[in-house]
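Written out below as C-alpha cells is the structure these notes cover.
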Amino acid sequence: MCISRWQHEGDSNRGFDVSYMVWEEFFVAVMSPINHKELLEKLSSVDCVIGSVDINNPYGVTSGNITQYIENLREVCREVCIWPPQDQVNNIASKWQLIQSLDLIAGTRTLSSRPRTWLLCNGQPINNKTVLKRTHSNAAEHVLLLNDKTMQPKWDWGYLCSQMDIPGCQWMAQMYVETLEKRGKWRVFVIGGQIVYTVHTLRNHEKKTWLWDVVRTYYSLEELT
C-alpha cells in the first residue's frame with residue numbers, strides 16, 4: 001500500500017513525499033477503526049493512497065466480512081482519496097466486461113468465432129450444454145463444467161445464489177467448448193504493444209481443479225488441430 005503526500009520545497013520545486021503501509025495494517029485500520037485510530041490518522045494526513053485490492057482474491061476479505069469492509073472503506077474515502085476506487089477495481093475483475101471486449105474484437109477485427117456467453121437471471125432454466133461461470137470466478141473456483149458429476153449438485157439456483165458474496169458478481173452461461181477441457185486456454189498479456197508473458201490454464205481431472213503456469217514452449221498449429 002503506497003501513501004503519497006505533496007511536498008513543497010522552496011517556491012518552485014514540487015514533489016511527492018512517499019511512504020508505505022503494508023496491506024495488513026491498512027486492512028485492520030479499515031475493519032477496526034476504533035481500535036486503530038493512529039493508523040487512520042496516518043491515512044488522513046496524506047493526499048492520496050495508491051493501491052486498492054481485488055476482493056476477488058484472498059486478502060483477508062471473506063464472505064463474512066466483505067459488507068463491513070466495503071462500508072468502512074467508504075467512510076475512509078471521506079477522509080482521503082484512495083486510487084483506484086474500489087468500485088472500479090471490482091468492475092475490472094469482472095469477466096463479463098472482458099468477454100464483451102473479446103466478442104467485439106472477434107466480430108470487428110479478427111473476424112473469428114467465439115463461444116456465445118450470456119448472463120443468467122435468478123431462477124432461469126439452465127441449459128445443460130453450457131459451462132457456468134461467475135463473473136468474478138476467483139481463479140476458476142466458480143467454473144462449473146456440465147460433465148463433471150461432482151459439480152452436478154451445484155447446478156442449482158440455491159447453490160448459485162449462495163456463491164454471490166462478491167459485490168456486483170453475476171452468473172453466466174457459456175457454450176461448452178470441448179477443447180477447453182482437453183487443451184486448456186492461453187492468456188497473452190500485452191503491455192505497451194509488447195507480449196510480456198503467456199499463461200496456460202489446464203484442467204486437472206484428478207483434483208477437479210484448474211492449474212496454470214507461464215508458457216515457455218508452444219504447440220504447433222498442426223498439433224492443436
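Please treat every number below as a calculation from the coordinates, not as lab data. Small disclaimer: the values here were computed from a predicted structure and weren't measured. Using ideal geometry, Cβ is built from the backbone for each residue, glycine included, and neighbour counts are taken over all protein chains shown.
Give the order of Tyr176, Tyr20, Tyr69, Tyr197 when sorted by the count of other beta carbons within 10 angstrom, beginning with the fewest.
Ordered from fewest to most neighbouring Cβ atoms within 10 Å, Tyr176, Tyr20, Tyr69, Tyr197 come out as Tyr20, Tyr197, Tyr176, Tyr69.
Under a 10 Å cutoff between Cα atoms, tell me which one of Gly192, Gly60, Gly158 has the largest fluctuation in the Gaussian network model of the chain.
Highest fluctuation of the listed residues: Gly192.
Whole-Hz ³J(HN,Hα) for each residue in segment 203-219, computed from phi via Karplus 6.51 cos²θ - 1.76 cosθ + 1.60 with θ = phi - 60°, x for glycine and proline: what do you get?
After applying 6.51 cos²θ - 1.76 cosθ + 1.60, I find 6, 9, 5, 6, 8, 6, 10, 10, 10, 9, 7, 6, 7, 10, 10, 10, 6 Hz.
Between the helical axis of 95-105 and the dominant principal axis of the chain, each derived from Cα atoms, what acute angle in degrees is found, rounded to the nearest 10?
Its long axis makes an angle of about 70 degrees.
Rounding to the nearest 10 and keeping the result within 0 to 90°, find how far the Cα-based axis of helix 66-76 lies from the longest principal axis of the chain.
That works out to roughly 30 degrees.
Run the reach check for Lys129 against aspartates and glutamates, Cα to Cα strictly under 16 Å, same-chain hits fewer than 8 apart removed. What comes back?
Output for Lys129: Asp148, Asp156, Glu178, Glu181.
Counting other C-beta atoms within 10 Å, and keeping those with at most 11, which DSSP coil trypsin sites (Lys or Arg not before Pro) do you find in segment 114-206?
Qualifying residues, ordered by number: Arg116, Lys129.
Of the peptides 106-112, 165-171, how do they stack up when ordered by the mean number of other Cβ atoms within 10 Å, highest first?
Going from most to least packed, we get 165-171, 106-112.
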